[in-house]
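Encoded as structure tokens, the structure appears first; notes follow it.
Throughout, read-outs are computed from the coordinates displayed, never taken from laboratory work. Bear in mind the structure is a predicted one, so any value in this text is a computation, not a measurement. Heads up, the Cβs are rebuilt from the backbone with ideal geometry, glycines too, and the neighbour counts pull from every protein chain shown.
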């Protein structure tokens, strides 16, 4: 009789009656209790009653720990409420039933990260990587976690594995470059910054890193043509890029180009004392060159 009421309550949208009917069926038919509690939970969740849905899903997994659908529903509701301890707890239960699932280890790693339990986050990410070493998302998680833990050598290796799997990840090349430069491997860093810029030419951070590395290597032409000209194109009203271009042109002895950039600086900031003095100095140098001829 109770089972016959279910379609009626569904049709008439009598949510509370439907939930109570499912609960009654669960108490009468313990063999299917998890199924009835799960159905009641979905009705409660659809009706916007998250707390009741959680209670019903918990009863479902208590009746049958193998009800993966109910446990996954619990995880999603706990996630919405930022209850990461409970997310981790339920994910561990899922892993007991599916210990080879790399994605579950990755998800658990992220839950631990949300809880600021960095060592555990790394341990779970490593388990994920062991089970699926060719997953770019897992390698990214490992790289970011190693970097956060200041394990630079491991982060570098993870980023290298990542870019081998995903050659289009500009941010990964940039991050790899920063870590290599930090270790003093600037030439390798430059190669990775160049890859990052080639993939995302309008990213200011990538261009700034590349420009700075070129300057440190005294590769003035590359700093000018590959980086600062692009930065100036992206942000034509930013004084700094014109200042850097002017300084590098001076370093090369290209006074005409330097003067043009200092004019651009003064156009943007007419009171820039350094640019005014530089304009005067360049004019004097140019005059002296003419007189020598």
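Each peptide in 124-135, 88-99, 52-63 gets a packing score, the mean of other Cβ atoms within 10 Å over its residues, and the list from highest to lowest is 52-63, 124-135, 88-99.
Could you tell me how many degrees, from 0 to 90 and to the nearest 10, lie between the Cα long axis of helix 84-97 and the main elongation axis, the longest principal axis, of the Cα atoms of the chain? The angle comes out near 70 degrees.
For the range 208-285, the Kirkwood hydrodynamic radius comes to 12.4 Å, computed from all pairs of different C-alpha atoms. Compute the distance in nm between two label points, each set 7 Å from the Cα along the Cα-to-Cβ direction, one at residue 252 and one at residue 284. Result: 2.5 nm between the two label points. Summary value for the chain: 6 percent relative contact order, contacts being C-alpha pairs under 8 angstrom separated by 6+ residues.
Computing FRET efficiency as 1/(1 + (r/R0)^6) for residue 191 and residue 120, where r is the C-beta to C-beta distance and R0 is 30 Å, gives about 0.30. Round to the nearest 10 and give me the degree value, 0 to 90, for the angle of helix 15-28's Cα axis relative to the longest principal axis of the chain. Helix 15-28 sits roughly 60 degrees off the main axis of the chain.
Largest first, the extents of the alpha carbon coordinates of the chain on the three principal axes equal 111, 42, 27 Å.
Here the extension length gained between residue 239 and residue 96 equals 45.6 nm, from 0.36 nm per residue of separation less the Cα-Cα distance.
Helix 136-148 and the longest principal axis of the Cα set of the chain meet at an angle near 70°. For the pair residue 27 and residue 132, label points projected 7 Å from Cα toward Cβ lie 4.3 nm apart.
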